[in-house]
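The values are calculated or read from the model by the stated rules, or taken from the named source; none is laboratory data. Every value quoted in this text rests on a predicted model; they were computed, and no experiment measured them. For neighbour counting, all protein chains shown are included, and Cβ atoms are generated from backbone atoms with ideal geometry for every residue, glycine included. In case anyone asks, the SASA skips ligands and DNA or RNA and just uses the protein heavy atoms, side chains included. Shrake-Rupley method; radii C 1.70, N 1.55, O 1.52, S 1.80 Å.
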Amino acid sequence: MQHWEQSSYEPFLPISEKSNPITNNIDIAGPEEIVQMLQICDAEIFDRTSHEEATYQKLSSCSMVQTMVNISKKVGMILKDPEESLIVLSGCGTSGRVAFLLATSFNRWLAALHQKQIYSYIIAGGDKALLTSQEAPEDNPSLGALMLDKASTGKKHVLFIGISCGLSAPFVAGQLNYCLNNLEVFTPVVIGFNPVNMARTETMLDFPFHFKGIAERMSKMEEQGKAFVLNPVVGPEAITGSSRMKGGSATKVILDTVLLAGHEAVYSNSTITPGVILASISMKQKVQEMTYSQSDKLAALIQRAGMSLRSNGHVYYFGWQTLGIIGIIDASECIPTFGAGFEDIRGFINRGFSEINNKEGDLSSKGPQFIIDHKDFMKTVLPSVTDNDMVIFLFTVKDDLSEVTLLAERVRQNTTNLHAIIHDLEIHCVPERVQGMFMSVLNITWPSSFNMQCSVVMKQHWELSTKLCLNAISTGAHILKGKVYMNYMIDVRVTNSKLYRRAICILQKFTNCTQAQCETALLRSVYDMEELTDEIRSADVTKHTLRANQMDRVVPTSVVMLHSGCTLAEAKFHLDAQPTIREAVAASLTIS
C-alpha cells in the first residue's frame, strides 16, 4: 500500500488533490533527482496492486478493465452507424485539450480509411482554451449542457465521454446531467481519478445537483449499460493538483486504449476482451519506461530550460504534426499552473492552425498568444532569439527531415542552444547529419515489438512519450526557477472556484492558520489592500476569481504575510528581493 492510500494521510482531501510523499522536496532537488521523482510518480499510473491489498480500484483492476471493454463495445456500435451517431469528448483545461487531440487523431484515421468522421470535441471556453487559460466557463454547468446540445443536434445515438480528473468540473457535470435526462439519445461516460465518494459535493452556479450525486446516479445505471464511470485511482500528482501531468497522461492512456479497441473491432474484425485492454495498457507502461530510460538526457534538458528561465530567457517548442500539438498544449498550461508569462514557454507547429484543424479555424488574429505557425516564429520571434533562449525540436523519422534541417539551420544562425526530441524506428532512423544539427538529442528508438504495423498505435506511443518529456522539462524548469514550494504549485493563478479552494488549502497547510485567516490573506493579495471592505468580504467567489486573474503572486504573497504577520507591502518586498518563495518566507521570518 502506498503511503497516500492510508486513511490517515491528508484525510479530508480527494486523491487528486493530495500531495505526493515522493516529491515532498522536489523544490530543492537537482535535475537528475527531479526526473527520478517524476518517473516514480508516473509509474503509479500503472500500479498493479493485488486485489487482496487494494484500497482503491486501479487502472488494471478487473472492474476498470471490464468497464473499458464495455465502453469500447459502445464505440464499435457508433462506428457501425456513422450517419446517425456521434462520439463527443469533452473537458476543461488539460482534459479538454486531450479531448481535442484524441478527437482530431481518430477523425484523421477515419478519413484515411475513407470513413465518415464521427468524433467531436468540446472544451470549456471554446478553441481559445486550447492555447490559453479560459477558467471561468469551467464553473458553468448550464454552458456545458448548452454546448453539448449544440454539438449533438440531429444525432440519434451519442456516446458522450466527459473528462474531469477530480470528478469536480461543473462544466462537465452539466453535460453529464443533460445526458442522464436524455438517455434515449446519450450514453454518458465520465473519466476521473477519484473514487465516487470523493467527487465534488459543493453546489454549482444555478444548478440543483453536485458532481457526486451525478456520479452516483451513473454508477447505479452502469449494470444496465446506460452509463459508465471510469475512475481508476492513479495517485496524487507529482506537483500537487497539477492534473496536466499524471491526470492528462492517464486520460490519454485510457482513451487511446478504449477508442482503438472499438476501431479494431469494427475495421479489423477483432474481439474486444479484457486481455486486449490489458495488453494495450501494458504497452503504454512500456512507453513510460522507455521514455524515462533516457533520464540523463531528460535531466540535461531540464537543466538547460531552467537556466533559460532563470536568465529571463525563453523556451520554444518547435513541433511537427501531433507532436507540435503536444508542445503547444504543454506550453499553454504553464501559464495558469506556474503563474508564468505566455512568452516564457511557447509552442509552434508546422502549418499552424491548418495543421491543428480545430473547429473555429485560424485564431492568430486574436493576439500574440495565438501565433503558433513555424513561419510566424521565423518572422516575429527568431530575430530576437539569443543563446539565453532554448529551442527544442519535436519530430519523428516519419516527418519531412529536409524541412527540419532547413529550419534548424535558420535557428542556429541566432542561437546554439538548439536541442531535439526525436522518435526513431528500429528499422528506420533519422540520419546522423540531421541529428548533428542540434547541441543535444534525446533520441528514442522504438523496437518492432511496439506494433509498428499500425501507424496509429505508433503515433499514440510517440504522443504519450513526448507529453511525458515536455511535462518533465517545463515542470523541472519552473522548479529550478523557484516557482514551486515543496511540491505545491504555489504561484498558481486563482482563476476559478476549484483553484480558489485549492489556494486556501495550500495556505492552511503551510501556515497552520485557520481557513478564515487564510481566505482573508488571499483576498488582501487579490484586491491589493491591507484592510478588506465589507463589500469585498461578502462578494461571491466568481468576483474574487475574476479579480485574481489580473493579479500576480497572490498565493506566495499570502504565504509570506501569514508566516510572519508582515504587511502586504513587506511581503511583496521579500518576494522581489529573494530568488525563491522558500527564501522569501525565511527572510520575512528573520526580520519579523
Quick check on the chain: helices-only [θ] at 222 nm, where DSSP H runs of length 4 and up contribute -39,500 (n - 2.57) each and the sum goes over total residues. Nearest 500, please. -15000 deg cm²/dmol
Violations at 27 Å Cα threshold for listed pairs K212/K483; K128/K375; K128/K467; K286/K483 -> K212/K483; K286/K483
Would you mind checking the radius of gyration and Dmax of region 107-201 based on alpha-carbon positions, in Å? 14.3, 45
Can you give the Rg and Dmax of region 20-119 based on its C-alpha atoms, in angstrom? 19.1, 56
Taking H as built 1.01 Å from N, whose amide H comes closer than 5 Å to the amide H of I122, not counting residues under 5 places away? L89, S90, G91
What's the extension gain from N182 to R412 if we count 0.36 nm per residue and subtract their Cα-Cα distance? 77.1 nm
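Across region 480-552, how large is the tail of the calculated P(r) beyond 14 Å, expressed as a percent of all Cα pairs? Intermediate results must be reported in sequence, preceding the final value.
Working: 1571 of 2628 pairs.
Looking at region 480-552, the distances longer than 14 Å represent 60 percent of pairs.
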Could you give the spread of the C-alpha atoms of region 260-408 along their three principal axes, from largest to smallest, in whole angstroms? 55, 38, 35
Order the peptides 318-324, 334-340, 57-63 from the highest to the lowest mean number of other Cβ atoms within 10 Å of their residues. 318-324, 334-340, 57-63
Extension reserve of the T405-R48 stretch, reckoned as 0.36 nm per residue once the Cα distance is removed: 124.2 nm
Output for region 475-517 (equivalent-ellipsoid semi-axes, sqrt of 5λ from the C-alpha gyration tensor, Å, descending) is 21, 13, 6
Whenever you get a sec, compute what percent of the accessible area on the chain sits on carbon and sulfur atoms (1.4 Å probe). 50
Using only the alpha carbons of region 462-592, determine the length spanned along each of the three principal axes and report them from longest to shortest in whole angstroms. 54, 36, 24
For region 219-334, treating each Cα as an identical point scatterer without solvent, what Debye log10 I(q)/I(0) comes out at q = 0.09, 0.18, 0.22 1/Å? -0.38, -1.23, -1.50
Considering Cα pairs under 8 angstrom that are at least six residues apart, work out the relative contact order of region 53-132 and quote it in whole percent. 27
Do you know the relative contact order of the chain, to the nearest whole percent, from alpha carbon pairs under 8 angstrom that are 6+ apart? 14
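Efficiency by 1/(1 + (r/R0)^6): what FRET value for D206 and S365, r their Cβ-Cβ distance, R0 = 30 Å, to the nearest 0.05?
With R0 = 30 Å, the Cβ-Cβ based efficiency is 0.35.
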Rounded to the nearest 5, the percent of DSSP beta bridges in the chain running antiparallel is 5
Output the peptides 204-210, 278-284, 518-524 sorted from most to least packed, where packing is the average of other Cβ atoms within 10 Å over each peptide's residues. 518-524, 278-284, 204-210
At 1.567 mPa s and 4 °C, Stokes D of region 338-441 from Kirkwood alpha-carbon radius, µm² per second: 86
Search the structure for amide H atoms under 5 Å from the amide H of T396, placed 1.01 Å from N in the peptide plane, and list their residues when 5 or more places away or on another chain. H423
Just the projected area, averaged over all directions, of the convex hull on the alpha carbon atoms of the chain: how many nm²? 25.6
Any chance you could run the full-extension gain for E432 through Q66? It's 0.36 nm times the residue separation minus the Cα-Cα distance, nm to one decimal. 127.2 nm
When ranked by the protection proxy of mean other Cβ atoms within 10 Å per residue, highest first, what sequence do the peptides 550-557, 494-501 form? 494-501, 550-557
